[in-house]
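*Asks:* Before I ask anything, here is the structure I am working with.
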Amino acid sequence: MNSSGLLSSAEAVTINVAAFAFTMAIFGVYVAALGHNPVDVYYVLYLGSFARQISIESTLTNAAPLMLTALCTAIPARAGLLVIGGEGALVVGGVATVLAGVALGDAPFLPGVAMMCLAGALAGGTWIGLVGALRQYRGVNETISSLLLNYIAIALMYHLITGPIRDWERVLKTSSWSIPESLRVGEMEFIGVHWGLAAGVSVCLILYVIMRRTTFGFGVDILGGNPRAAQMAGLPINRMVILCCFIGGAMAGIGGAFEVMAVHGFASESLAVGFGYAGILVAFLSRQNPAAIIVLAILLGGITASGGLLQRRFDLPDATTQVLQGLLFMVVLASNAAYGRLSVFQPASWRTA
Amino acid sequence: MDAGDISWWSVLIAVIGGAIRVSTPYLFVSLGETLTEKSGRVNLGLEGVLVVGAMSGYATAVLTGEPWLGVLVAGLAGAALSLVHALVCSLPRVNDIAVGISLFIFGTGLAFFLGKPFINPSAPRLPDIDFAWWSSSPQVQSALKINILFIAGFILALFMAWALKTTRWGLMLRTVGDSEEAAKALGYNILRVRMLGTVAGGFLAGVGGSYLSLYFPGTWNEGLSSGQGLMAVALVIFARWDPVRCFYASLLFGGATALGPALQTVGITTNYYLYGAAPYFLTLAVLIYSSSPQKALEGAPGEVSINR
């Protein structure tokens with residue numbers, strides 16, 4: 001990384017840390033207004049997310065799907081599209097994984113898991129690829145269409161799990177058939193977190209390299225920065241946009257695959273618990289940079305993980321973490337106005353000073 | 001007339017009645033979004049505003065026993081939340097669509113958080129007017145019980161269409177939304193006009209939310225809104241930013257939403273969730289039909305980023 005890249009990274013880190021601190025201050029005022037000591041609330045947020053082995057494991061388990069759904073917003077964003085369909089892509093990916101798992105039956109473990117990941121990726125990728133195609137060929141706004149597809153995906157899942165693929169023997173919870181036990185993915189050897197985390201970290205790193213070091217990534221950045229320049233340069237714009245959407249959707253679909261293979265074992269309402277929406281926040285916090293997504297997904301995973309403890313200790317509703325996330329999102333967006341304003345990060349100001 | 005015919009008639013009546021009952025939130029949110037978009041900004045957070053309106057209206061009605069006070073408070077809460085959107089969007093280099101998404105997450109979170117104690121108590125409902133004195137059929141009677149907010153929304157749509165077209169305020173709003181250059185040349189304060197457009201839009205969306213909790217379905221819980229605020233944003237595109245067309249489009253969407261429950265009343269319960277997704281499919285179909293890759297849409301405000 002050259003020095004100007006380093007400088008802009010430092011600027012981003014500084015502004016993000018300031019935004020995070022500001023959000024925490026507002027949140028402190030909010031909980032204080034409700035009669036809680038903010039310092040105690042911060043401490044419990046820390047306890048529930050990073051203080052102990054078990055809370056770190058819970059944080060990382062939450063971070064895994066967040067990394068993958070964040071990519072669903074970040075990769076299309078590099079091409080200039082604001083896609084927010086990660087929730088739907090995760091759900092269709094999860095349902096496709098169940099279907100693949102049931103169809104595979106007693107397949108050997110590794111090929112079986114690979115096929116299930118592929119099924120999830122294809123389903124999620126097609127789902128968001130459709131958003132890109134509608135945008136390029138019909139001019140349909142991608143933000144609205146992807147959000148509508150979230151609702152459609154969830155309705156389709158409910159349709160399937162209450163009828164065609166329902167497991168009628170599970171009475172306590174409405175769910176789909178289960179995938180075979182032999183195809184369940186377990187935890188990693190060294191830490192109590194499932195393999196979805198390793199998958200999330202790997203694809204983030206791979207996509208970082210692709211977006212930074214390949215001709216394709218360079219072309220996408222031109223397209224995202226200036227569509228007209230991309231057109232003049234003769235880049236295949238339609239194909240690039242749809243491919244970016246497909247990649248993003250495929251990653252969220254893999255997120256759904258791991259939720260099924262490693263966490264639930266079947267598709268149910270537990271797939272649609274907001275990982276897709278929190279993923280949008282992660283993507284914006286990381287400024288659509290796949291490598292930064294790893295770190296920020298862990299931070300957001302921590303906030304989600306501490307929700308239960310906040311509820312037990314202070315009797316705060318479970319929506320507390322959602323309030324905090326929404327607040328953080330808003331402050332981070334507002335902090336965009338600060339880029340280029342802090343003279344420390346502008347080399348030109350050093351000489352005059 | 002055999003039994004089959006009767007049941008299809010009752011489905012039709014239930015869909016029409018449902019359209020009238022369900023369309024009011026769509027109408028208010030889409031009128032609010034029309035105001036906001038006419039000023040040149042998109043507020044995708046009206047879904048969050050709708051839910052906050054539903055919660056605050058319900059809570060006010062529970063605490064004071066006055067449903068109309070609840071409607072007012074819902075509108076004010078919606079205006080306050082939209083003010084946040086307006087202020088953040090006034091900063092340079094801030095994407096209004098992304099701010100809308102954050103408002104969507106923040107608003108629903110806030111409503112669920114503050115509304116937790118109000119899930120159980122029941123609030124007084126808004127009154128309705130009976131337009132079915134001529135009929136003895138109970139189905140027709142239940143279909144034609146019309147809430148005052150629906151009628152108010154219809155009048156508001158007519159008024160807005162008139163005001164946007166003929167008043168100075170309407171011209172100012174449209175100029176700011178169509179061309180910043182022209183607005184600057186005329187000496188309008190662009191940020192202030194947009195702020196007013198967004199806040200007024202938020203007020204209407206908040207009122208739409210109070211209809212959900214105080215009339216139909218008339219309760220407060222976390223599953224109250226299922227994306228109506230969001231669909232209303234798409235509905236505005238379909239209605240070509242025309243308040244009167246917003247009214248027709250709201251009825252159409254209300255009818256689509258009412259389809260599943262209407263079929264259930266005559267005993268068709270299979271594919272319930274698929275019929276439930278009808279409004280989303282309809283919205284998407286309408287967007288695909290009415291968008292064009294070549295040019296901005298007819299009637300679209302020039303500064304709105306949603307039809308690039």
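*Asks:* Relative to the longest principal Cα axis of chain B, at what angle does helix B:168-178 sit, 0 to 90 degrees, rounded to 10?
*Replies:* 80 degrees
*Asks:* Leaving out ligands, DNA and RNA but keeping every protein chain, what accessible area does residue A:20 have, in Å² rounded to the nearest 10, with a 1.4 Å probe?
*Replies:* 60 Å²
*Asks:* To continue, here is another question. Using per-residue counts of other Cβ atoms within 10 Å, averaged over each peptide, order B:201-209, B:237-245 from highest down. All intermediate terms of the calculation are to be shown ahead of the outcome.
*Replies:* On the way: B:201-209: 32.3, B:237-245: 21.0.
Highest mean packing first, the order is B:201-209, B:237-245.
*Asks:* Where q = 0.10 Å⁻¹, what log10 of I(q)/I(0) comes from the Debye formula for the protein assembly as shown, counting one point per Cα?
*Replies:* -0.97
*Asks:* Let me ask something else. Roughly how many nanometres apart are two label points built 7 Å out from the Cα toward the Cβ at residue A:195 and residue A:106?
*Replies:* 2.1 nm
*Asks:* Which net charge results for the neighbourhood of residue B:215, defined as the other residues with beta-carbon distances under 15 angstrom from its beta-carbon, given Lys and Arg at +1 and Asp and Glu at -1?
*Replies:* 0
*Asks:* While we're looking at this one, here's another question. Report the calculated FRET efficiency for residue B:64 and residue A:52 (r = Cβ-Cβ distance, R0 = 41 Å), to the nearest 0.05. Write down the numbers at each step before the final one.
*Replies:* Values: r = 46 Å, r/R0 = 1.13.
My answer for the efficiency is 0.30.
*Asks:* Using Stokes-Einstein with the Kirkwood hydrodynamic radius over Cα pairs, what translational diffusion coefficient do you get for the range A:37-315 at 20 °C and a viscosity of 1.002 mPa s, in µm²/s rounded to a whole number?
*Replies:* Taking Rh from Cα pairs, D becomes 113 µm²/s.
*Asks:* Sequence neighbours fewer than 8 away in the same chain don't count; with that in mind, list the aspartates and glutamates whose C-alpha is under 18 Å from residue B:38.
*Replies:* Within the straight-line limit of under 18 Å, residue B:38 reaches these aspartates and glutamates: B:96, B:178, B:180, B:181, B:242, B:298, B:303.
*Asks:* Let me ask another. Averaged across the residues of B:277-290, what count of C-beta atoms belonging to other chains lies within 10 Å of each residue's C-beta?
*Replies:* Mean shielding by partner chains, rounded to a whole number: 4.
*Asks:* Bins of 5 Å, beginning at zero and ending with the bin holding the largest distance: percent of Cα pairs per bin for the range B:57-104, please.
*Replies:* The calculated distribution, bin by bin, is 5, 22, 20, 14, 12, 12, 9, 5, 1.
*Asks:* Follow-up question, since we're still on this one. Using DSSP H assignments, which helices in chain A have an axial alpha-carbon span of 24 Å or above and a mean Kyte-Doolittle hydropathy of 0.0 or higher?
*Replies:* Membrane-span-like by this criterion, though nothing is claimed about a membrane: A:3-33, A:53-78, A:86-104, A:109-133, A:142-161, A:196-213, A:237-258.
*Asks:* Here is a further query. Which lysines, on any chain, are close to residue A:173 with Cα under 26 Å apart, when same-chain ones fewer than 8 places away are left out?
*Replies:* Once the sequence-local lysines are set aside, what remains near residue A:173 is B:116.
*Asks:* Just to confirm my numbers, what's the Cα centroid distance between the range B:196-269 and the range A:190-263 in Å?
*Replies:* 35 Å
*Asks:* Take chain A, connect every pair of alpha-carbon atoms lying under 10 Å apart with a spring to form a Gaussian network, then pick out the residue of A:272, A:153, A:337 with the largest mean-square fluctuation.
*Replies:* Most flexible of the set in this elastic network: A:337.
*Asks:* Which value, in Å³ per residue, describes the convex hull spanned by the Cα atoms of chain B?
*Replies:* 145 Å³
*Asks:* Only helical DSSP H runs with n ≥ 4 go in: add -39500 (n - 2.57) per run for the protein assembly as shown, normalise by residue count and round the 222 nm mean residue ellipticity to 500 deg cm²/dmol.
*Replies:* Working: 28 runs with 461 residues, N = 661.
So the helix-based figure for the protein assembly as shown works out to -23000 deg cm²/dmol.
*Asks:* Another one. Counting each pair of different Cα atoms once, what's the Kirkwood radius of the range B:18-122 in Å, rounded to one decimal?
*Replies:* So the Kirkwood estimate lands at 14.4 Å.
*Asks:* Specify whether the C-alpha gyration tensor of the range A:1-74 places it in the rounded, prolate or oblate class, a ≥ b ≥ c being the square roots of the eigenvalues: rounded for a/c under 1.5, otherwise prolate if a/b is larger than b/c and oblate if not.
*Replies:* Values: a/c = 2.24, a/b = 1.36, b/c = 1.65.
Oblate shape, in that a/c is at least 1.5 and b/c is the bigger or equal ratio.
*Asks:* Post the alpha-carbon centroid distance, the range B:9-63 to the range A:42-69, in whole angstrom.
*Replies:* When both Cα centres are located, 37 Å separates them.
The values are calculated or read from the model by the stated rules, or taken from the named source; none is laboratory data. All of these numbers come straight from a predicted model, not from anything done at the bench. Here Cβ is always computed from backbone atoms with ideal geometry, including for glycine, and neighbour counts include all displayed protein chains. With ligands, DNA and RNA removed, areas are computed over all heavy atoms of the protein, side chains included. Shrake-Rupley method; radii C 1.70, N 1.55, O 1.52, S 1.80 Å.
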